[in-house]
Structure formats: C-alpha cells, structure tokens
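Presented below is the structure to which this report refers.
The values are calculated or read from the model by the stated rules, or taken from the named source; none is laboratory data. Being a predicted model, the structure only gives us computed values, none of them experimental. Because the Cβ atoms are built from the backbone with ideal geometry, glycine has one as well, and the counts that use them run over all protein chains shown. SASA here: full protein model, heavy atoms, side chains in, ligands and nucleic acids out. Shrake-Rupley method; radii C 1.70, N 1.55, O 1.52, S 1.80 Å.
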Amino acid sequence: MSTGSLSAPGALLHFRIVGSGPVLLVAQSGEGDADRSADLVAGLTDAYTVVTYDRRGLSRSRLDEPELGASLAEHAEDVHRLLAAVTDRPALMLGCSLGAVIGLHVAVRHPGQIGTLIAHEPVAPRLLPAAERPRHQAELTGLQEHYRRNGLGSTLPEIARVLGIDPRGETEPGLTPHPMDARRLANFDHFIRHDFSVIVQDTLEPADLRTAGTRIVPAVGRTTPVDVFDRRCAEALGRLLGAEVEEFPGGHNGNLSHPRAYARRVREVLGGSA
C-alpha cells in the first residue's frame, strides 16, 4: 500500500493506492475518506489496483479556503487529475451517492478517461423530471437548516430518512470500527454545510451522458426503498441510457454495511472490464 498527495487548484488531495491489476477508483459520499472503504477494498485488491482518496475538504485533503467548499466541477477535476497521475489507461470507477455524481461529471468532461463507471444511487436530482427536482432539492436544503439549528445527532436520522437508510439494518460481522471521532465530526460538518449545496446547485446535463463514451452501470441497494430519491435517480439513469439497473447487497450504504458481498458484486459487474 502507498499513500500520497496531489496538488490541485485550491487544495491538496490525499490518496491511497493498494493492490495490483487495472486501476479501480472508489469514490465515496458522505463523510467517507480514503480509509472509510477499507473493508470493501480488502475484497478487491487481488484483482485491481484500488485507489481511494479524501474528497477535497475532508480529512487530509486540505482546502486553501475551507469556507468556500467546492463545486462539482472542482470535484470532477480532482478525480481527473488523480486518475491521470496514476494511469494512462481508461480506469474503472465505483461511485457511491455523491461519488457517483462526480463520476458522471468526469465521464462527460473527460471522455474515455473512465472505461466503466458503477453509479450506485447517484444523488443527482437533475436525472429526475424537472417538475420533481425542487422537492428533492428542498429536502437537502431543509437538512442543512436542521443541522444548523439542531446539530449532527438530530440530523443523522433525518438524512437516513431522506436517503432510505435503515440505521438498524443488518450488517456483515467483523467490520472495521469507525468511531465518531473529531475527524468524522469535522467531515460530516463539511459534507452537510458544503456538499449538500453542491448537489442542489448541480448543472449536470443528463443527455450528455448518452455520448460520454463511458460504460455507465446504474446500481441500487437491494434494501433501499423504491420511493426515495437516490434510488429513483439510479432508475432514471437506467432509463436515460437504456441500461439495466444492477442490484447490490445492502442499501444506500451497502459498500459499508456489506463490504464482502458488495466487493463480490463489483467484480461480477465489472467482469472483464479494463
């Protein structure tokens, strides 16, 4: 395993590389940093060179001006620079939630850089019919206001409700513990204050995905309720592309709750992709 840092306009990005084989970038959402997917990554490193990173503003990826946050274009350019630094071949990418939206932007902005993108429940209201978007954007801004008024402890159950996450759902045994320490608290603060706004202000043009040149695989969690907007975004992506929506173990955070089964499913879906 190796770690490194990469300079980008306005930020210094921390990343982690482990394994051997075709490059597979795992992009998390929420407060997840380069270490959050350790249990998932462990099931992939015999077949892939797995790259994880701290999204700008999280953990060790420091911003020059932390209060400014970042745009989705900046997040996408970070992934572009990171992949260009580690490989000159089309990479594979697993994007979860916001990570999936970042992957969609990279596919449009840098055709051919990603060979296959598994887009697990992308939080992209612009994939939905125009009449439905304001309600879901209002849900996110409402969560931000709830957080500012009431703090994280009261807000996490509301986030789980909006995204269809069952906090009491089953998990695989023996998972690596991730206590709610000062770093995770700071990451949640940045995610809610800044990245929720990024999602609301997204400018993705869904039609551009049809000609992006990337094999995009829409994915949903097996236990994610059918009526929540993140699952509906994945299903809308499938209809847009005429692609089958693949089912993965667990729910919205199946990569964390069921990492071993999720890793096996990633391998099945990627198949011979390179």
Suppose we keep just the DSSP beta bridges with both residues in segment 1-119; what percent of those would be antiparallel, to 5? 50 percent
Extension gain from Leu12 to Arg81, taking 0.36 nm per residue of separation minus the Cα-Cα distance: 23.7 nm
Let a ≥ b ≥ c be the square roots of the eigenvalues of the Cα gyration tensor of segment 129-168; is it rounded (a/c under 1.5), or, if not, prolate (a/b larger than b/c) or oblate? oblate
Determine the order of Glu205, Glu158 by accessible area, beginning with the largest, at a probe radius of 1.4 Å. Glu205, Glu158
Candidates Gly250, Gly43, Gly103: whichever shows maximal mean-square fluctuation once the chain is modelled as a Gaussian network with Cα springs under 10 Å: Gly43
Given a Förster distance of 35 Å, the FRET efficiency implied by the Cβ-Cβ spacing of Arg183 and Arg210, rounded to the nearest 0.05, works out to 0.30
Loop-resident trypsin sites (Lys or Arg not before Pro) in segment 218-274 with no more than 16 other Cβ atoms inside 10 Å, DSSP not H/G/I/E/B, are Arg222
Please check: in the Gaussian network model of the chain (C-alpha springs, under 10 Å), which one of His110, His178, His75 has the largest mean-square fluctuation. His178
For a test of the definition: using alpha carbon positions, the gyration tensor, and the 1.5 limit on a/c, classify segment 220-271 as rounded, prolate or oblate. oblate
Between Arg239 and Gln144, 0.36 nm times their residue separation minus their Cα-Cα distance comes to what? 31.2 nm
Starting from the Cα gyration tensor of segment 188-274, take the square roots of the eigenvalues, sort them a ≥ b ≥ c, and report rounded, prolate or oblate (rounded when a/c is under 1.5, otherwise prolate if a/b is larger than b/c, else oblate). oblate
Just to confirm the filter: which GluC sites (Glu not before Pro) across segment 235-274 are DSSP coil and have at most 10 other Cβ within 10 angstrom of their Cβ? Glu244
Mean residue ellipticity (222 nm) of the chain, computed from DSSP H runs ≥ 4 via -39,500 (n - 2.57), nearest 500: -11500 deg cm²/dmol
Given a 10 angstrom Cα cut-off, can you work out which residue in Pro218, Pro125, Pro177 is the most mobile in a GNM of the chain? Pro177
If you take every DSSP beta bridge fully contained in the chain, what fraction is antiparallel? Give it as a percent rounded to 5. 40 percent
